[in-house]
Amino acid sequence: QLPSTTPQQRAKTKSKTQRAKHKEQNTNEHMKSPLFLCAFLLLLATGLSASAAPSSWGMRTVHDRKAPFLLNEAEMSALAAQPQPPTPTIRHYDSQMIDHFSFGAAPLSSSAAPYYYTQRYLTYDRYWRQDELGRWGPMIFYTGNEGDIVNFWNNTGFAFELAQEFGALVVFGEHRYYGQSMPFGEHSFARGNVSYLTSEQALADYAQLIAFVKTEVYPNAARVPVVALGGSYGGMLAAYFRIKYPNVVIGSLAASAPILQFPGLVDPYLYNKIITDDFAESDGCAQGISRAFHEMVSLAEQGEQGMQTLSEKFLLCEPLKSKAELPLLLEYAYNAISYMSMVDYPYPNSFLQPLPAWPVKVACQYMTPDTQDVVRALALVVGVYYNSTGDQSCATVVEPISPSLGTRAWDYQACTEMVMPISANGKTDMFLPVAFDLKTRSDECRATWGVTPRPQWVPTYYGGGNISAASNIVFSNGRLDPWSGGGMLKTLNPTMPHVYMENSAHHLDLRFSNPADPLSVKEGRRLERKHVALWINEYWTFFNTDSLATSLVVLLARKHVALWIN
């Protein structure tokens with residue numbers, strides 16, 4: 001969940017007032033952009049256990065193309081049976097520094113301890129064990145991203161599978177300014193106080209937290225290697241963690257990490273092209289959606305009567321009154337389409353919303369070459385995302401994408417360093433043409449936060465695509481994931497492979513293993529496990545020995561690691 005705007009850009013009209021009012025009333029601070037990922041997004045999901053799902057879910061047929069889609073009894077049971085991770089120990093690091101990069105005066109704040117804040121983190125040590133040589137297992141460290149850390153704990157099954165296999169200690173660190181890790185409490189988002197919300201400060205938090213856990217919480221972990229992992233924005237952080245702190249983590253699994261989604265590095269139209277390609281696999285679906293968006297604009301041109309028609313077709317709880325409110329409805333529809341593409345998983349899941357297996361294909365059964373009323377069909381398409389449980393009798397255009405993501409904090413990050421352009425042209429994609437406008441975005445950021453975006457800072461600081469000098473990072477991407485367009489899609493050196501997974505959406509490889517997983521995902525996890533094993537063995541035989549001969553052997557072995565992995 002990551003850039004700052006959507007192809008249906010915010011209108012500076014009554015629609016903005018309505019959204020602001022909703023945010024004040026909504027304590028969960030739900031997303032107002034489909035591309036806040038980082039969600040982000042951007043965020044991890046839990047799969048279904050072998051006992052909870054058939055070997056292949058396939059794709060359920062919608063028999064009545066005029067009625068809203070509802071999950072059937074088997075699908076609801078599957079959602080309820082999602083495997084649960086082990087119960088964590090919830091801990092707090094009370095001496096985390098607010099500013100790691102300054103030796104000056106304390107920041108202004110009403111906080112009682114202006115230099116430090118309390119960072120929340122989660123641990124689990126039941127899998128942690130010694131090997132036959134008496135060495136304690138490694139630490140699996142999750143680089144928390146843009147949301148409550150408990151949600152990521154609940155939705156990152158692969159971390160626990162790795163922990164069981166390698167006898168590892170599991171630690172999840174919460175990202176500053178998200179969840180309960182608020183440096184200035186209720187004043188954290190005041191201008192001045194919020195300036196300490198950066199990826200650089202977050203990574204420094206993680207480095208300090210790991211040192212604290214090793215010395216004060218688990219002394220037996222003092223010498224154990226640390227493997228980082230994360231997905232989406234968290235995947236970016238995992239990669240950056242290895243690049244900036246190779247002394248702290250021996251390697252990183254960076255799943256669906258769009259480290260190239262910055263100005264000048266990738267085509268900003270690629271994200272929406274991938275979404276469109278996903279929907280285009282169903283005959284007539286992408287074309288119908290494109291027609292629907294244009295017809296919505298035409299209806300809005302008719303004034304109040306046209307807006308009433310749109311309100312009726314989308315079954316809105318509160319009818320839209322004027323054309324100025326159209327961006328709200330366009331964004332509501334785009335959000336659902338975008339996120340269905342991201343979580344187009346092969347079995348029922350409730351990562352962002354309760355969804356059926358292959359939700360894109362299910363939704364496209366409403367939009368066929370024979371569809372006449374494409375606007376009503378689009379309403380049914382987006383209903384698959386927003387209301388598959390049937391809990392809602394009407395729709396709200398400010399419908400939340402997911403309740404567990406931190407929108408205010410991400411909006412600030414998108415206004416400073418995480419400037420990740422996404423555009424639509426209506427030619428290679430099915431959306432209304434809108435190009436990312438840095439000037440407009442900068443004006444909004446200055447008005448909201450008093451800051452100006454620095455679009456080239458992240459590529460400059462972390463290396464952009466020029467990171468071949470780094471080592472021990474596995475980048476994984478799925479063909480169905482729109483964020484893959486901004487991902488690292490090539491192997492940079494033998495220790496930094498790219499794992500490409502056919503029929504895989506957003507960081508599917510970080511979910512619990514599922515019998516319905518595509519073969520490419522199973523193979524991807526196999527390669528990821530092998531690299532983790534290699535890193536751990538290398539650590540114990542090279543970085544933790546004084547033997548020059550052993551060091552030379554390991555250095556030579558690194559040159560041939562690609563052959564061993566494959």
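The values are calculated or read from the model by the stated rules, or taken from the named source; none is laboratory data. Computed from a predicted structure; not experimentally measured. When we count neighbours, we look across all protein chains shown, and the Cβ atoms used for this are built from the backbone with ideal geometry, even at glycine. What goes into the accessible areas is simple: the full protein's heavy atoms, side chains included, and nothing from ligands, DNA or RNA. Shrake-Rupley method; radii C 1.70, N 1.55, O 1.52, S 1.80 Å.
Brief remarks on what is shown
- Using a cutoff of 8 angstrom between alpha carbon atoms and counting only pairs six or more residues apart, the relative contact order for region 380-521 works out to 15 percent.
- Across Phe212, Phe512, the residue with the most accessible area heads the list, and the full order at a 1.4 Å probe is Phe212, Phe512.
- Set the Cα radius of gyration of region 162-233 against 2.2 N^0.38 Å, with N its number of residues, and you get 1.32.
- Rg/Rg_globular for region 337-403, with Rg_globular taken as 2.2 N^0.38 Å and Rg from C-alpha atoms: 1.08
- Of all accessible heavy-atom area on region 237-333, the percent that carbon and sulfur account for (1.4 Å): 51 percent
- Geometric extent, Cα atoms of region 187-294 - Rg, Dmax (angstrom): 20.4, 62
- With contacts taken as Cα pairs under 8 Å and at least 6 residues apart, region 259-362 reaches a relative contact order of 19 percent.
- For the cross-link pairs Lys321/Lys427; Lys214/Lys244; Lys361/Lys522; Lys244/Lys273; Lys490/Lys530; Lys273/Lys490, the ones whose C-alpha atoms lie over 27 Å apart are Lys321/Lys427; Lys244/Lys273.
- Annotation: amide H of Gln180 within the under-5 Å range of Ile149, sequence separation 5 or more or interchain, hydrogens built in the peptide plane.
- Each peptide in 446-455, 284-293 was scored by the mean count of other Cβ atoms within 10 Å over its residues; highest first, the order is 284-293, 446-455.
- Whichever aspartates and glutamates have a C-alpha closer than 19 Å to that of Lys323, once near sequence neighbours (fewer than 8 apart) are set aside: Glu295, Glu301, Glu304, Glu312, Glu331
- Panel values: region 428-524, Kirkwood radius from alpha carbon pairs, Stokes-Einstein at 37 °C and 0.692 mPa s, translational diffusion coefficient 200 µm²/s.
- Solvent-accessible area per residue, Å², over region 422-461 with all protein chains present [probe radius 1.4 Å]: 49 Å²
- Projected onto planes of every orientation and averaged, the convex hull of the alpha-carbon atoms in region 130-271 covers 10.3 nm².
- Apolar share of the accessible surface for region 101-236: 50 percent from carbon plus sulfur atoms, 1.4 Å probe.
- Accessible surface computed residue by residue for region 221-303, with neighbouring protein chains in place and a 1.4 Å probe, gives 30 Å² per residue.
- Shown in residue order for region 492-500 are the 3J(HN,Hα) couplings computed by the Karplus curve 6.51 cos²θ - 1.76 cosθ + 1.60 at θ = phi - 60°: 7, 7, x, 9, 10, x, 10, 10, 9 Hz (x for Gly and Pro).
- Net charge of the neighbourhood of Asp481, taken over other residues with C-beta under 12 Å away and scored Lys/Arg +1, Asp/Glu -1, is -4.
- For region 274-370, the normalised intensity computed at q = 0.16, 0.20 Å⁻¹ comes to -0.74, -1.01 (log10 of I(q)/I(0), Debye sum over alpha carbons, equal scatterers, no solvent).
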